[in-house]
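Below you'll find the structure, written out as C-alpha cells, and then a few comments.
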Amino acid sequence: MAAVIEAGAADPSTVLSVPDHVERSGEVINDYYEHGEEQMTLAGILAKSSNVGTLLAAERIDKDIFRNHLVAFGLGARPGLGLPGESAGRLPEDRADLTRDTIAFGQGVSVSTVQMASAYATIANGGVRLPARLVDATIDADGKETAAATGAPVRVVSEQTAAAVTLMMEAVMGEDGTGGRAAVDGYRVAGKTGTAQRVDVSCGCYRGYNSSFMGFAPAD
C-alpha cells in the first residue's frame with residue numbers, strides 16, 4: 001500500500017471495483033469471504049484484508065517500483081543483527097504477473113518477525129527505516145556506557161505516505177476491519193492482521209493457518 005501511494009497510483013480514498021475472486025495466469029485468487037463485486041476504497045481493502053483488492057492496487061504500479069519498495073523496507077535481505085542463522089527470507093527475483101500478485105497480499109514472500117517489525121517501524125518512524133539491532137549499548141566493568149554502532153537511516157517513503165498508511169492501518173481496528181480484537185481503549189492503534197496458509201509436507205498441500213498481528217500504538 002505504501003508503494004502504491006508513494007507512486008501516486010492511488011490514495012486511501014481511491015475506489016476500486018473488487019470481486020471476490022480473479023483469475024491470473026490460469027490460477028484463481030480468492031478473498032477469504034464470498035461477496036459480490038464491491039466498490040472499496042484503498043483503506044477499506046486494507047481494513048477488510050481483501051487479497052483481490054490488494055493485488056488490483058499493486059497492478060497499478062510498475063513491477064520494478066513495487067519490488068524496489070519491498071527491498072527498501074528490508075525484505076529479502078538478512079537484518080544484520082550479528083546472530084548466527086539469520087535468514088533473508090524469500091523475495092522472488094522473477095517479475096511474473098502471478099508472482100507480483102501473490103507477493104502483494106503476502107503469500108508469495110516469506111519473512112522473519114524481525115523483518116516485519118523493521119518494516120512496521122519504518123511506517124511508524126515517518127517513512128525512515130533504521131537498521132534493526134538487539135543491543136542498544138554495552139557497559140564495561142567501570143560503568144562506562146558505549147552505544148552500539150548503528151547503520152545509516154534510509155528514507156523508504158515520504159512522511160506523507162507513511163502518515164496515510166498509518167491512518168489506513170488504524171481503520172483495521174474499526175467496525176468493519178479484521179483487527180477489532182487488537183483495539184485498546186484510550187489508544188489509537190495502527191496495525192494489520194495476517195493469515196498465512198501452512199504447507200504440509202506430508203501431502204504437498206496447504207493445511208491450517210498461521211495468524212499474526214503487527215502494529216504500533218499510540219498511532220499518533
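The values are calculated or read from the model by the stated rules, or taken from the named source; none is laboratory data. As the structure is a prediction and not an experimental result, all values here were calculated from the model. Positions of Cβ are generated from backbone atoms using ideal geometry, with glycine treated the same way; all protein chains shown enter the neighbour counts. For the accessible areas, the whole protein counts, side chains as well, though only heavy atoms, and no ligand, DNA or RNA atoms are used. Shrake-Rupley method; radii C 1.70, N 1.55, O 1.52, S 1.80 Å.
Farthest towards the positive end of the charge dipole of the range 66-146, among the residues Met116, Pro84, Leu98, is the Cα of Leu98, using unit charges on the Cβ of Lys, Arg, Asp and Glu. Subtracting the Cα-Cα distance of His21 and Ala147 from their residue separation scaled by 0.36 nm leaves 40.2 nm. Considering only Leu167, Tyr206, Leu56, the residue lying farthest towards the positive end of the dipole of the chain is Tyr206, judged by Cα position with unit charges set on Cβ. Taking a ≥ b ≥ c as the square roots of the Cα gyration tensor eigenvalues, the range 69-201 comes out oblate, since a/c reaches at least 1.5 and a/b does not exceed b/c. Going by Cα centres, the range 36-76 and the range 164-210 are how many Å apart? Centre-to-centre distance over Cα atoms comes out at 15 Å.
Rounded, prolate or oblate: which fits the range 3-112, taking a ≥ b ≥ c as square roots of the Cα gyration tensor eigenvalues, rounded meaning a/c under 1.5, else prolate when a/b beats b/c? Write down the numbers at each step before the final one.
Numbers: a/c = 2.03, a/b = 1.73, b/c = 1.17.
Judged from the Cα gyration tensor, the range 3-112 comes out prolate (a/c at least 1.5, a/b above b/c).
Could you do me a favour and compute the accessible area per residue for the chain, 1.4 Å probe, result in Å²? All intermediate terms of the calculation are to be shown ahead of the outcome.
On the way: 12430 Å² over 220 residues.
With the other protein chains kept in place, the chain gives 57 Å² per residue.
Roughly how many percent of the accessible protein surface of the range 7-162 is carbon and sulfur, given a 1.4 Å probe and a whole-percent answer? The value for the range 7-162 is 51 percent carbon and sulfur by accessible area. Using 0.36 nm per residue and subtracting the Cα-Cα separation, the extra length available between Ala88 and Thr138 on full extension is 15.3 nm.
Taking θ as phi - 60° and the Karplus parameters 6.51, -1.76 and 1.60, the scalar couplings of the range 56-62 work out to 5, 5, 5, 5, 7, 10, 4 Hz in sequence order, x denoting glycine and proline.
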